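Please read the structure below before turning to the comments.
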Amino acid sequence: MEKTKVKFNFITWFKKNWTESALFSTGVALFVMVILQTVALGFEFDSFGEWFATWANNWINILRNNAGVGIVALGMAFVIISGGIDLAVGSTMVAVGAVLMMIIDNGPNALLASTGITGVPLYIIGIVVAIAMGCGLGQLTGVLVTKGKLPPFIATLGMMKILRSVTQHFMQTNSPKVPTGFLQIASLKMGNLLIMPIIYWLVIAIILYIVSKKTAFGRYVYAVGSNERTAKLSGINVGKVKRKVYALIGMLVGVTAILQVSRIGSMDYANAGSGYEMDAIAAVIVGGVSMSGGKGSVMGAVLGMLIIAVMNNLLNLLGVPPFLREAFKGMIVIGAVLLQKKEEN
Amino acid sequence: MKLEMQNIYKSFGANNVLKGVDISLSGGEICALLGENGAGKSTLMNILGGVINSDSGTILIDGKPVEFKNPVDSLEAGIAFIHQELNLVNDLAIFENMFIGRELKNKYGFLDAKTMIKKTKEIFEKIGLELNPEQMVRDLDTSYKQFIEIARALMMNASIIIMDEPTTSLTEHEIKRVFAMMNVLKSHGVGMVFISHKLKEVVEICNKYTVLRDGNMVATGEIKDVTTDDLAKHMVGHDVRTESLQRDKEIGNEVLRLERLTDVTHFRDISLNLRQGEILGVTGLLGDGRSELFQAVFGDRPKYTGDIYIDNQQVKIDSTTKGLDLGIAYVPRNRKENGIIKDMNILENGSLVTLKRLQKRFFIDRKKQNTEFDIQKDSLKIKMEKKLDLITSLSGGNQQKIVLAKWLSSNPKILIMDNPTQGVDVGAKEEIYDIILKLAGQGVGIIVLSSEAQEIIRVCDRSLVMYHGAIVGEVSGEDMNEQKIMRLATGGK
């Protein structure tokens, strides 16, 4: 057999991957951001060790601060790939968080703690209820979309308004106290590092990556998002797939609620989680998921989240005034979609 | 006004669509333009409408040669083309549609609704149309929408109107109304070209005819001299190769029976049966309801009445998943919209139906997925480079085979194929026919839906003909010929 030796040409290699793989262009964008961020952090340190410690610490902070939205973004990737959208994630988180706090409350009006259930068993009940409630609310959205034939935008906009309003009303007269033990969920130290939220994000991302690639459900999500009609005519129960997708993002929002409560120990019902839906959508879009469905990946959702997170950090390091930062977020979303459009040609 | 088209030639690449066609029409005449799909009717009319240009040939109006470079030229010469897909905006009022793109304005630059309504009324009076110009177009039925287009054409002084299959989507009642309108226009001296497959209607309304076949004009003359049979013969020709593919039939037990299956809008009172190893054709013209009927059988239209029996067991098929579980396979028409998923690769498209079965515990069994796919790939002779290439990298014929492959790996008892050779070249067409015969030999009950009589004759053992949602006849053996099918499909006896 004749061997043809092809000379490696970096430029053509780069061009080919840039246009063909959304993940590649996202990765490159992230790489550039990280370099900029590293430069912005500066090198004026006494030793390499000190520099690295600062650099790594900065990174841990970035990841930890974005783990919550990052987990929601994983679910958002599934929803958008399936052709839907979910605006209710922030409000769902507040509703789940409120119920969770009522359950684990150890203040004077405690529900369960007063019956003698305390400590770990109480936390486990809280966690199970939180995830189940998120799942149930997601399922409800799914039913509205599939059985009620509501456009996902409308169904989740309605859920968003209802959940936050009802939560705020009921929590006016309740002020549950989160037991300190529960805070360990987020703040347990591994070695000397506060990285539990990062680990949760990473583990969930890996599981969902496998689900999206290797299970029938995962592939159905792509099929439904790309061509719902063909999916239906291939004997796929399209409604069931969609309901599962909304239940999934609901569960992930439940996890985020647990994380949030255990990190802060309280919740601002009026503002907590507001903007989560847009941050998660932005992350997913930057990561190469197409709003029209059928295209994108779990990896993309992680990379997209990181790009936005690193950019925030970079703006912070550069001393860009806080009010201007959202503008950069907006620009990066628009830029990412402009790139996607180009790839379609 | 007298219109003549002389010696018109047109080819697309190597495909000669029109080979020297003549047609003429005077004011006050209605000329039927007949021919099978692909005979060149649309091309000829698109040339007249200025949509495309001819390669050679002349168009004369009142003896003077004219040249139509675009639809505007043609319209200014007084020729209006009313397409099958009507060109109206549903969310605007009638008068707004009448003046769309040429709105009248008052001296302040605002729309002059008053004058537009008045002018619309004048035209309506002239053709005896009683409609309120301020009504929304959305609320009109299709025949009235056609009238709006006709009125708009008349307002622009059209004296020749081309009507492309105006009656296909209409009810009997609406068709009567359209014919009445055509007679009014005739009395006003308007000439019309009437494109239709429905010979019964042609004989009823037209006074001249021209038949095209394979780009040639094969017959022309006065309607009063011919019958629908003559016209059908002209359209089909005598020398078409339509011999049935012979095979040893081993017809087994009944697998599917429909009893009085009815859907409110698309089909009614359908009863039929299908046996193992049998190839049943169902044919008809556009709007006959055959596609909708078998969508219902597969579970895509759960709101039917009547009964479905599979293996003599009564079943209720309320979802496509149920259809799949009952052993029905369905290869839809319009592959791009209904058959393939363009963002997925060949392998995934080919195993979409069986994915659930291929999942063991939690994960898809990739090895089994590949083996099952390879079996289908070999037996259907699918040509491809890599299984992981996108489905869109394949030719139409191979894409269609992938759609077939995904269903065959579910081992169906009943295979429904709607337009199985749509957008497939001649070679692949014959291969698909071979596959159909082979599957029947293996005992699968097969239903082939097609509008091409030749296809039905070539592969089917017998065929049902549908017209406006009802079965109007069954043909088999000697009876299964194009003339007979065409006559039944056009509503003749």
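Going by the alpha-carbon gyration tensor, a ≥ b ≥ c the square roots of its eigenvalues, is region B:8-97 rounded (a/c under 1.5) or, if a/c is not under 1.5, prolate (a/b greater than b/c) versus oblate? In terms of gyration-tensor shape, prolate. Candidate cross-link partners of A:LYS177 among the lysines, defined by an alpha-carbon separation under 24 Å and a same-chain spacing of 8 or more, comprise A:LYS189.
Computed over the protein assembly as shown, the per-residue total of -39500 (n - 2.57) for DSSP H runs of n ≥ 4 gives a 222 nm mean residue ellipticity of -15500 deg cm²/dmol, rounded to 500. With Rh defined as the Kirkwood radius, the inverse of the mean 1/r over Cα pairs, the Rg/Rh of region B:140-292 is 1.07.
Other residues lying with their Cβ under 15 Å from the Cβ of A:GLY75 contribute a combined charge of 0, Lys and Arg counting +1, Asp and Glu -1.
Take the cross-link list B:LYS303/B:LYS438; B:LYS383/B:LYS429; B:LYS356/B:LYS401; A:LYS232/B:LYS198; B:LYS200/B:LYS224 and give me the ones stretching past 24 Å between alpha-carbons. Result: B:LYS303/B:LYS438; A:LYS232/B:LYS198 exceed 24 Å.
Counting beta carbons within 10 Å around each of B:TYR330, A:TYR209 and listing the fewest first gives the order A:TYR209, B:TYR330. Ranking of A:PHE217, B:PHE298 by neighbouring Cβ atoms within 10 Å, starting from the fewest: A:PHE217, B:PHE298. Among the chymotrypsin sites (Phe, Trp or Tyr not before Pro) in region B:105-182, those placed in a DSSP loop whose Cβ has at most 16 other Cβ atoms within 10 Å are B:TYR108, B:PHE110. Remark: mean inter-chain Cβ contacts per residue of B:345-355 equal 3, using a 10 Å Cβ-Cβ cutoff to other protein chain atoms. Relative to the longest principal axis of the Cα atoms of chain B, the long axis of helix B:366-379 makes an angle of roughly 70 degrees. Exposed loop sites here mean trypsin sites (Lys or Arg not before Pro) with a DSSP loop assignment and at most 14 other beta-carbon atoms within 10 Å; chain A contains its longest site-free run at A:190-345. For chain B, the equivalent ellipsoid built from the Cα gyration tensor has semi-axes of 45, 26, 24 Å, listed from largest to smallest.
Restricting region B:72-162 to trypsin sites (Lys or Arg not before Pro) that sit in a DSSP loop and have at most 16 other Cβ atoms within 10 Å of their own Cβ leaves B:ARG102, B:LYS107. Here are some pairs, A:LYS244/B:LYS406; B:LYS121/B:LYS145; A:LYS214/A:LYS295; B:LYS41/B:LYS145; which of them have Cα atoms lying more than 20 Å apart in this structure? Flagged as over cut-off: A:LYS244/B:LYS406; B:LYS41/B:LYS145. Ordering B:PHE81, A:PHE24, B:PHE99, A:PHE48 by the number of other Cβ atoms within 10 Å of each residue's own Cβ, fewest first, gives A:PHE48, A:PHE24, B:PHE99, B:PHE81. Bridges between two residues of chain B, per DSSP, are antiparallel at a rate of about 55%. Comparing A:SER82, A:SER292, A:SER274 in a Gaussian network model of chain A (Cα springs below 10 Å), the most mobile by mean-square fluctuation is A:SER292. Dividing the radius of gyration of the alpha carbons in the protein assembly as shown by their Kirkwood radius gives 1.05 for Rg/Rh.
For the segment A:224-233, counting C-beta atoms of other chains within 10 Å of every residue's C-beta and taking the mean gives 6. For the protein assembly as shown, the antiparallel share of DSSP beta bridges with both residues in that region comes to about 60%.
The length gained by stretching the chain between B:ASP91 and B:PHE110 to full extension, at 0.36 nm per residue less their Cα-Cα distance, is 4.9 nm.
Only Cα pairs under 8 Å and 6+ residues apart enter the sum, and on that basis the relative contact order of region B:105-233 stands at 17 percent.
For region B:358-432, what number results from the quotient of the Cα radius of gyration and 2.2 N^0.38 Å? Against the compact-globule rule of thumb, the ratio is 1.19.
Each value in this text was obtained by applying a stated rule to the coordinates, not by laboratory testing. Quick caveat: nothing in here was measured; it's all calculated off a predicted structure. Note that we place each Cβ from the backbone using ideal geometry, even for glycine, and neighbour counts take in every protein chain shown.
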